[in-house]
There are 2 protein chains.
Amino acid sequence: MISGKFAITIHILTLLHKFPNDYLSSEYIAGSINLNPVLVRKEIANLKAHHIVESKEGKNGGTKLAVNAAELTLKQIFEMTFETIGLGFAKNQPNPDCPVGKNINQHLEVLYSEMNQNVSKQLEGISLEDFSNQF
Amino acid sequence: MISGKFAITIHILTLLHKFPNDYLSSEYIAGSINLNPVLVRKEIANLKAHHIVESKEGKNGGTKLAVNAAELTLKQIFEMTFETIGLGFAKNQPNPDCPVGKNINQHLEVLYSEMNQNVSKQLEGISLEDFSNQF
DNA sequence: TAAATTTGTAACATATTTTATTACAGTATG
DNA sequence: CATACTGTAATAAAATATGTTACAAATTTA
């Protein structure tokens with residue numbers, strides 16, 4: 001199972017970009033994603049921690065973009081919502097007495113690290129504005 | 001949570017490549033991965049369905065490679081164990097009355113499809129033999 | 001200043017996926 | 001014919017992701 005964090009976050013940011021002058025409520029955003037507002041607020045908390053959005057508490061409060069959408073890349077959003085991309089590891093520690101078991105994870109890490117560089121390069125070329133303007 | 005299928009499968013194949021003349025038992029392979037033998041057999045069933053390995057039942061049975069390791073690419077292994085790479089989707093159907101909700105998944109699919117092409121290209125350049133010879 | 005609305009967050013519940021275990025029929029070997 | 005495997009089903013346990021409820025704190029506006 002892969003978490004929907006990236007998808008949810010980019011959905012939130014696209015909405016914020018569409019209404020640059022408004023503070024959107026978690027309730028409103030949740031209505032577009034069809035998600036519980038608490039989960040929206042959790043992703044917003046993450047975005048706030050990275051200074052991508054700012055929010056205002058209280059009546060008529062909500063959240064708005066705090067950065068230039070042309071300068072925020074999908075790579076940054078990726079890094080805020082995923083540790084890294086990859087094809088996974090076996091859950092248990094492999095047998096250290098087996099030459100393959102002993103080194104497999106290290107080799108997988110190298111492979112996945114190359115995948116990340118690859119994907120990062122792609123995502124670096126797309127801004128939130130680019131993404132949002134498709135709609 | 002990301003499944004360990006790819007990692008387990010490549011571990012199995014690396015072991016088989018190291019012992020090209022032997023039928024390795026699921027018990028033995030499981031000992032290297034530190035995994036339940038039944039799960040090893042399930043991945044082997046998948047490999048068999050793709051004609052990558054062959055196995056022999058009964059005493060002294062087991063599994064061995066059925067293809068040339070120089071010609072089996074990590075891309076093929078990836079495709080046998082993952083549908084596709086990507087950064088996920090929100091679980092629920094987004095609001096079709098919202099212009100963003102209506103189209104977000106379609107745009108994400110395009111993005112992920114590009115990621116797949118990108119990663120596939122990378123994995124296509126690495127054979128099982130290449131991978132295994134690192135050990 | 002009181003009512004209304006919203007964020008922030010904790011605590012807990014449910015759902016889904018992944019991994020593990022048990023069991024046993026069937027098959028080949030020696 | 002005993003042994004040691006595969007193949008597979010059924011079930012359980014663990015891990016992760018999502019959902020819900022609740023409420024304090026903040027801010028607006030009447």
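The values are calculated or read from the model by the stated rules, or taken from the named source; none is laboratory data. Since the structure is predicted, the reported quantities are computational estimates derived from the model, not experimental observations. Here the Cβ is made from the backbone with ideal geometry for all residues, glycine too, and neighbour counts use every protein chain on show. Accessible surface areas use protein heavy atoms only, side chains included; no ligands, DNA or RNA. Shrake-Rupley method; radii C 1.70, N 1.55, O 1.52, S 1.80 Å.
Averaged over peptide B:104-111, the number of partner chain Cβ atoms lying within 10 Å of each residue's Cβ comes to 4. Between the alpha-carbon centres of the range A:17-88 and the range B:31-58 there is a gap of 44 Å.
When the pairs A:Lys75/A:Lys121; A:Lys75/B:Lys121; B:Lys5/B:Lys48; A:Lys5/B:Lys75; A:Lys75/B:Lys102; A:Lys42/A:Lys64 are compared against a 18 Å limit on Cα-Cα distance, A:Lys75/B:Lys121; A:Lys5/B:Lys75; A:Lys75/B:Lys102 fall above it. Along the range A:3-18 the Karplus relation, 6.51 cos²θ - 1.76 cosθ + 1.60 evaluated at θ = phi - 60°, assigns HN-Hα couplings of 5, x, 3, 4, 4, 5, 5, 5, 5, 4, 5, 5, 4, 4, 5, 6 Hz to successive residues, with x for each Gly and Pro. Ranked from largest to smallest solvent-accessible area, with a 1.4 Å probe on the protein heavy atoms, A:Glu27, A:Glu57, A:Glu129, A:Glu43 come out as A:Glu57, A:Glu27, A:Glu129, A:Glu43.
A:Glu57 label point (Cα plus 7 Å toward Cβ) to equivalent points in the other copies: 6.7 nm, shortest first.
Near the amide H of A:Ile126, within less than 5 Å, lie the amide hydrogens of A:Leu74, A:Lys75, all on another chain or at least 5 residues away, with H placed in the peptide plane. The charge dipole of the protein assembly as shown, taken about the Cα centre with unit charges on the Cβ atoms of Lys, Arg (+1) and Asp, Glu (-1), comes to about 640 debye, rounded to the nearest 20. When the protein assembly as shown is described by a simple charge dipole with +1 on each Lys and Arg Cβ and -1 on each Asp and Glu Cβ, the residue from B:Pro20, A:Leu72, B:Gln93 located farthest towards its positive end is B:Gln93. Working note: Karplus 6.51/-1.76/1.60 with θ = phi - 60° gives the range B:86-91 the couplings x, 10, x, 10, 5, 5 Hz, where Gly and Pro are set to x.
The modelled label-to-label distance between B:Gln93 and A:Ser113, using points 7 Å beyond Cα along the C-beta direction, is 4.5 nm. The H on the amide N of B:Ala66, modeled in the peptide plane, is under 5 Å from the matching H of B:Val53, B:Glu54, each at least 5 residues off or on a different chain. Distances between copies at A:Glu27, taken between label points 7 Å from Cα along the C-beta direction, are 6.4 nm in increasing order. Accessible area per residue for chain A, computed on protein heavy atoms with a 1.4 Å probe, is 52 Å². Taking the longest Cα principal axis of chain A as reference, the axis of helix A:37-49 is set at about 80 degrees.
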